[in-house]
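To start, the structure itself, in structure tokens.
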Amino acid sequence: MKKYFLLPFIALLVVGCSNPTFDTSSEENFSTSLEKIGKSADTSEKQKLAEAVMFYSLKDLNIFAAEEAETPSETVKQKFEGKTLKEVISQYEQDKKKDLSKEIEQEIKILEEKKEMQSKATELSQKFEVSGRFELTEDYFGGTDARQKIRIKNNSETTISTFKVNTTLVSTDRDVPWGKDDVYYSIPGGLAPGEEKEMSFYAYDWENIDFGNSTPLLKTDLVFVEDSNEKKLFEAVEFTKEDAEKLEKLRKELASS
């Protein structure tokens, strides 16, 4: 009779030994259970276990902590406590897949916003007319004075305070530009709606260029325009072919995940 009475408890012990669970009550207990379960795991399971520990530990990582915690993180406790190796690995793969989907969704959102911003930028650019010309003259001392003349007209309903323009010095008879520069300028008093102004900027790097028979022309590309509160009224955004291809690829990855 006593032998039959003990059989259920023996069975439980056998099951317990063949399917050990993690103990996260302390750092010592967790390390012991990790070591014990790790010994019986195959190579693939050991790799997954290591990834799972790192994955969940990083969820609660505090980069400002002076010392390492003495107990497993809250997420590790939640994901490991009382579970078998197979249960932990299964949960890890599900959570990793969810996180990957969130990352893809975020990347898609950024690219879609960039695409929309480019569309709006094309419309907004018409509110700010920008042109440029290159001027090369002799200075007071007989040297060369090179200047970029930037003209901007404000067709918007808001006063312009600051702008940035990328400039390129080109000639129609050559493929390679003479040089590139960028002009960032805060307009004293601003530029009210309907106003137009030409500003002059030194171009020291272009003073000694031998243009020969070529006629240098100044090409301008407006980068951004701000009001007096540093709010951007316009910002150039380029949604490239590579962006479009990446967006399509991410959408397919999300659909198959």
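Nothing in this text is a laboratory measurement; each read-out follows from the coordinates by a stated rule. Computed from a prediction, not measured in an experiment: that's the story for all the values here. Glycine also receives a Cβ, built like all others from the backbone with ideal geometry; neighbour counts cover every protein chain displayed.
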Practice problem: Subtracting the Cα-Cα distance from 0.36 nm times the residue separation, let me have the gained length for Ser31 to Tyr184 in nm, one decimal. | Solution: 49.3 nm
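Just flag the trypsin sites (Lys or Arg not before Pro) in the stretch 201-257 sitting in loop per DSSP whose Cβ has no more than 10 other Cβ atoms within 10 Å. Before the final figure, lay out each step's value.
Working: sites: Lys219, Lys231, Lys232, Lys241, Lys246, Lys249, Arg251, Lys252; in loops: Lys231.
Taking the stretch 201-257 and a limit of 10 other Cβ atoms within 10 Å, the loop trypsin sites (Lys or Arg not before Pro) found are Lys231.
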Quiz item: Past the 26 Å Cα-Cα mark, which pairs from Lys180/Lys249; Lys97/Lys120; Lys115/Lys197; Lys197/Lys232?
Solution: Lys180/Lys249; Lys97/Lys120; Lys115/Lys197
Practice problem: Beyond 26 Å between alpha-carbons counts as too far, so tell me which of Lys39/Lys86; Lys109/Lys241; Lys231/Lys252 fall in that bin. | Solution: Lys231/Lys252
Quiz prompt | FRET efficiency for Lys46 and Ile209, using Cβ-Cβ distance with R0 set to 51 Å, rounded to 0.05 | solution = 0.20
Quiz item: Any idea what the relative contact order of the chain is, in percent, if you count C-alpha pairs under 8 Å spaced at least 6 apart?
Solution: 18
Self-check item: Relative contact order (%) - criterion: Cα under 8 Å, at least six apart; region: the stretch 127-235
Solution: 35
Quiz item: In whole Å, what is the distance between the alpha-carbon centres of the stretch 141-174 and the stretch 205-229?
Solution: 6
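For a footprinting-style exposure proxy, rank Arg147, Arg133 by other Cβ within 10 Å, fewest first. Can you show the working numbers first?
Numbers: Arg147 19, Arg133 14.
Listed from fewest to most nearby Cβ atoms, that is Arg133, Arg147.
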Quiz item: Where does the chain land at 222 nm, in deg cm²/dmol rounded to the nearest 500, when only DSSP H runs of n ≥ 4 count, each adding -39500 (n - 2.57), divided by all residues?
Solution: -14500 deg cm²/dmol
Quiz item: Excluding same-chain residues fewer than 8 positions from Lys96, which aspartates and glutamates have a Cα within less than 19 Å of its Cα?
Solution: Glu45, Glu51, Asp60, Glu74, Glu81, Glu87, Glu105, Glu107, Glu253
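Quick check: convex hull over the Cα atoms of the stretch 127-235, volume per residue in Å³, rounded to an integer?
Values: hull volume 11.8 nm³, N = 109.
Value for the stretch 127-235: 108 Å³ per residue.
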Exercise. Could you check the simple spin-label distance between Glu242 and Leu136, using points 7 Å along Cα→Cβ, in nm with one decimal?
Key: 3.4
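Just want the ordering: Phe211, Phe163, from fewest to most Cβ atoms lying within 10 Å of their own Cβ. Intermediate values should be presented prior to the final figure.
On the way: Phe211 14, Phe163 24.
Taking fewest neighbouring Cβ atoms as first place, the list is Phe211, Phe163.
In what sequence do Leu100, Leu58 fall when counting other Cβ within 10 Å, fewest first? Numbers along the way, then the final one.
Working: Leu100 13, Leu58 10.
Ascending Cβ contact count within 10 Å gives the list Leu58, Leu100.
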Exercise. Determine by what factor the alpha-carbon radius of gyration of the chain differs from 2.2 N^0.38 Å, reporting the quotient.
Key: 1.83
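What does the net charge come to around Leu217 if you take all other residues with beta carbon closer than 15 Å to its beta carbon, with K and R at +1 and D and E at -1?
On the way: positive: Arg133, Arg147, Lys149, Arg151, Arg174, Lys180, Lys219; negative: Glu135, Asp173, Asp175, Asp181, Asp221.
That works out to +2.
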Exercise. Please list the non-local residues whose amide H lies under 5 Å from the amide H of Leu217, H modeled 1.01 Å from N, same-chain partners needing a gap of 5 or more.
Key: Val170, Ser171
